[in-house]
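One structure below.
The values are calculated or read from the model by the stated rules, or taken from the named source; none is laboratory data. It should be emphasised that the depicted structure is a prediction, and the values quoted were computed from it without experimental measurement. Every residue, glycine among them, receives a Cβ derived from its backbone with ideal geometry; neighbour counts consider all protein chains shown.
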């Protein structure tokens, strides 16, 4: 239940932020002063040299349990307590305003080169702010660390299974999964001429988008955000301006899918988009609150109870909050990171993928000592057959490019199948 609840939380919060950010990007909806305030607040985020955001559940463990009871999906005490402490943070910094950070053009047919002046950080934290998983990119290098035992406790897994999983890994990888920093050259995962044998992961060139399709998409998004969203100024709350943004959920989802449909043929990573919104998207208005402090974006909140009629009618809220900061400290490279090879990078990511997708307690050792079809913890997975690729991509959740990349990073056929099922 915690996996489903956490995933729903992240999706709902991300959707809310995308809507508000989309408004700013398109520069639309000029008829309401409240809309102007929201648009301006999001636009100001790019004017600074740093930015941060943190997603959290603004509820106690008891409130989360009550929410589960109201929706008919029991959340046990341990899962509720864990979910109440989880935070997901992102941060970006550069030596110039973030709006001026742009990738440089690569050679013909290749992906643009990222601007190395941009540094980023992604962190999943647990009780007391303890780091469970953290990734940083600074100066063209990636830094990573994880507390796999802590993550197991978050999801209710047995810590002894983690020891079994990590025991046969090389020392540097064991350290990375026990909270120690490792680092590697980011290009080893993205550059076709990288260090992984004949070329890193063999990343595909950036797709070329038809300019007319891109122009039509921008126009469609402007129309959608203008017609589907409404704004209401709610006055002051705790010293912050509160503006409620409301949209008809199903209509908005259908309109967005229709707008992005022409783009799918040019961008393989979009996969096969559905024609209509999933059946669990409610056919009613949903609202999120945007909080401004001196005209700057302070927070966005969304009550998950809106997604379930049982929770809504029972008056059992489960609010999510994204807190924003525009003066965050610059992202720094850890001083004590151990450099690892491209082969270790693949092993590390394969370990993450296999462990998180399969669930450590549920993985059973195979005849070769591996887990669920892999060659062993941290070792390459068996290459997929064309038939397996066809089956994995049939549902439209992942496409062939993604499937083959996951496989190169150490995920087995079963791992990818489980991952696709989680996203369906």
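Numbers at a glance
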{"quantity": "Those residues of region 132-146 which are surrounded by 15 or more Cβ atoms within 10 Å (Cβ to Cβ) and touching a helix residue (DSSP H, G or I) at 6+ places or on another chain (Cβ under 9 Å), in sequence order", "calculated": "132, 133, 142, 144, 145, 146"}
{"quantity": "Residue selected from region 168-178 under the condition part of a loop (DSSP other than H, G, I, E, B) and in contact with a helix residue (DSSP H, G or I) (Cβ under 8 Å, 6 or more places away or on another chain), by the criterion modelled with the highest pLDDT", "calculated": "177"}
{"quantity": "Hits in region 61-85 (condition: surrounded by fewer than 19 Cβ atoms within 10 Å (Cβ to Cβ) and out of contact with any helix residue (DSSP H, G or I) (no Cβ under 6 Å at 6 or more places or on another chain))", "calculated": "62, 63, 69, 72, 73, 76, 77, 78"}
{"quantity": "In region 306-325, residue nearest to residue 51 (Cα to Cα) [restricted to those that are surrounded by fewer than 20 Cβ atoms within 10 Å (Cβ to Cβ), in contact (Cβ under 8 Å) with a residue 60 or more places away in the chain and touching a helix residue (DSSP H, G or I) at 6+ places or on another chain (Cβ under 6 Å)]", "calculated": "317"}
